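Participant: Below is one structure. I have some questions about it.
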Amino acid sequence: MKAAVVTFPGSNCDRDLAVAFEAAGFAVTRVWHKDSALPAGTDVVGVPGGFSFGDYLRCGAIAAQSPIALAIRAHAARGGYVLGICNGFQVLTEMQLLPGALMRNKGLKFLCRNVNLTVATTQSAYTSAYAKGQSLSVPIAHHDGNYTIDAEGLAALEAEDLVAFRYAQNPNGSMADIAGVLSANRRVLGMMPHPERAVDAQHGGEDGRGLFAGLMGGMALA
């Protein structure tokens, strides 16, 4: 399976994401934001964390207009997998590949620590390696992670089982404790916590490994 990891000016988790994909068995190609096409045969696109374009205008708003964004949208439209983490989640909402928006944290402070997540659904390749209700310890590092959506949109997420992860103790004010959401076809996932920083026991934990392993297994069966 082939993964493409995009780098924008200000990305700082792109290498971590590439390493996590590689550890799960993916062949990884690095893609620059000015590229107009994804590598041939790309199965999954990784949109990493960081502060793309310095978070000017709105977090992810400028990155969503980069040349590579058209290729990512086309990849998603034909059923390709896309994983957006932290700033990548913000980019995917700005690209309208996922509903809602990421607002300033409720406490108006940058948060950087491990949090406990609850697996809200196993009905996706990303979450298939976990058990529903399983608790995971995964780092967060964000200033604008307060997931916000209107009542109708929230009701749709809940009714269609599209909430992937919830915070056990909400750190940022996100509606319904949402830490990650899936697209309607379950092939696009955006999440604020950093599973790519939780794949090596020597770095503090391995609870993120299941996401990448499950993705590899789920894509192989798709």
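The values are calculated or read from the model by the stated rules, or taken from the named source; none is laboratory data. Remember, predicted model here, so these are calculated numbers, not experimental data. Cβ coordinates were reconstructed from backbone atoms using ideal geometry, including for glycine residues, and neighbour counts include every protein chain displayed. Accessible surface areas use protein heavy atoms only, side chains included; no ligands, DNA or RNA. Shrake-Rupley method; radii C 1.70, N 1.55, O 1.52, S 1.80 Å.
Participant: Using the Karplus equation 6.51 cos²θ - 1.76 cosθ + 1.60 (θ = phi - 60°), what ³J(HN,Hα) coupling, rounded to whole Hz, does each residue of region 148-157 give in order, writing x for Gly and Pro?
Facilitator: With coefficients 6.51, -1.76 and 1.60, one gets 10, 8, 6, 4, 5, x, 5, 4, 5, 4 Hz.
Participant: Counting only GluC sites (Glu not before Pro) that are in a DSSP loop and have at most 16 other C-beta atoms within 10 Å, tell me the longest site-free stretch of the chain.
Facilitator: Value returned for the longest uninterrupted segment is 1-159.
Participant: Just how much of residue 135 is accessible, in Å², when a 1.4 Å probe is used and the result is rounded to the nearest 10?
Facilitator: 80
Participant: Placing unit charges on C-beta atoms (Lys and Arg positive, Asp and Glu negative, everything else neutral), compute the dipole magnitude of region 140-222 about its Cα centre in debye, rounded to 20.
Facilitator: In total the dipole reaches around 240 debye.
Participant: Out of residues 5 or more away from residue 35 or on other chains, whose amide H comes under 5 Å of its own, with H placed 1.01 Å from N in the peptide plane?
Facilitator: Amide H neighbours of residue 35: 68.
Participant: While we're here: Ignoring any ligand, DNA or RNA, what whole percent of the accessible area of the chain comes from carbon and sulfur when the probe is 1.4 angstrom?
Facilitator: Taking all protein chains in place, the chain shows 52 percent carbon and sulfur surface.
Participant: Work out from phi, with θ = phi - 60° and the Karplus expression 6.51 cos²θ - 1.76 cosθ + 1.60, the ³J(HN,Hα) of each residue of region 36-49, listed in order in whole Hz, and give x for Gly and Pro.
Facilitator: 9, 9, 7, x, 4, x, 4, 9, 9, 9, x, 10, x, x
Participant: Another question, if that's okay. Among the aspartates and glutamates, which fall within straight-line cross-link reach of residue 109, defined as a Cα-Cα distance under 19 Å, with same-chain neighbours fewer than 8 residues apart omitted?
Facilitator: Within reach: 55, 144, 177.
Participant: Would you mind classifying the chain by shape? Square roots of the alpha carbon gyration tensor eigenvalues, ordered a ≥ b ≥ c; an a/c under 1.5 is rounded, otherwise it is prolate if a/b is larger than b/c and oblate if not.
Facilitator: Judged from the Cα gyration tensor, the chain comes out rounded (a/c under 1.5).
Participant: Protein chains only, probe 1.4 Å: how do 216, 192, 1 rank by accessible area, largest first?
Facilitator: Result, largest first: 1, 216, 192.
Participant: Under 13 Å from the Cβ of residue 21, count the other residues' Cβ atoms, weight Lys and Arg +1, Asp and Glu -1, and hand me the total.
Facilitator: Value of the local net charge: -1.
Participant: What residues have an amide H closer than 5 Å to that of residue 164, excluding those fewer than 5 places away on the same chain, when H is modeled at 1.01 Å from N in the peptide plane?
Facilitator: Those qualifying (amide H under 5 Å, at least 5 residues apart or on another chain) are 180, 181, 182.
Participant: I would also like to ask the following. Kindly identify region 114-222 as rounded, prolate or oblate by the Cα gyration tensor criterion: order the square roots of the eigenvalues as a ≥ b ≥ c, call it rounded if a/c is under 1.5, otherwise compare a/b with b/c, prolate if a/b is larger, else oblate.
Facilitator: oblate
Participant: Here's another thing I want to ask about it. Which of the three applies to region 70-140, rounded, prolate or oblate, going by the alpha-carbon gyration tensor with a ≥ b ≥ c and a/c under 1.5 meaning rounded?
Facilitator: Judged from the Cα gyration tensor, region 70-140 comes out oblate (a/c at least 1.5, b/c at or above a/b).
Participant: Kindly write out, for region 176-186 in residue order, the coupling ³J(HN,Hα) from the Karplus curve 6.51 cos²θ - 1.76 cosθ + 1.60 (θ = phi - 60°), rounded to whole Hz, with x marking Gly and Pro.
Facilitator: 6, 6, 6, 10, x, 10, 10, 6, 4, 8, 6
Participant: Roughly how many Å² is the accessible area per residue of the chain, as a whole number, for a 1.4 Å probe?
Facilitator: 42
Participant: Sorting 219, 175 by accessible area (1.4 Å probe), largest first, what list results?
Facilitator: 175, 219
Participant: With a 10 Å cut-off between alpha carbons and a GNM built on the chain, which of 78, 113, 58 moves the most?
Facilitator: Per the Cα network of the chain with a 10 Å cutoff, 78 tops the list.
Participant: While we're here: So which lysines pass the test for residue 2, namely a Cα distance under 25 Å, with those fewer than 8 places away in the same chain ruled out?
Facilitator: Result set, ordered by chain and number: 34.
Participant: Looking at the chain, send over the antiparallel percent of its DSSP beta bridges, to the nearest 5.
Facilitator: So the antiparallel bridges in the chain amount to around 55 percent.
Participant: Shifting gears a bit: Using amide H atoms built in the peptide plane, which far-off residues or other-chain residues are under 5 Å from residue 50 H to H?
Facilitator: Hits under the 5 Å cutoff: 12, 87, 88.
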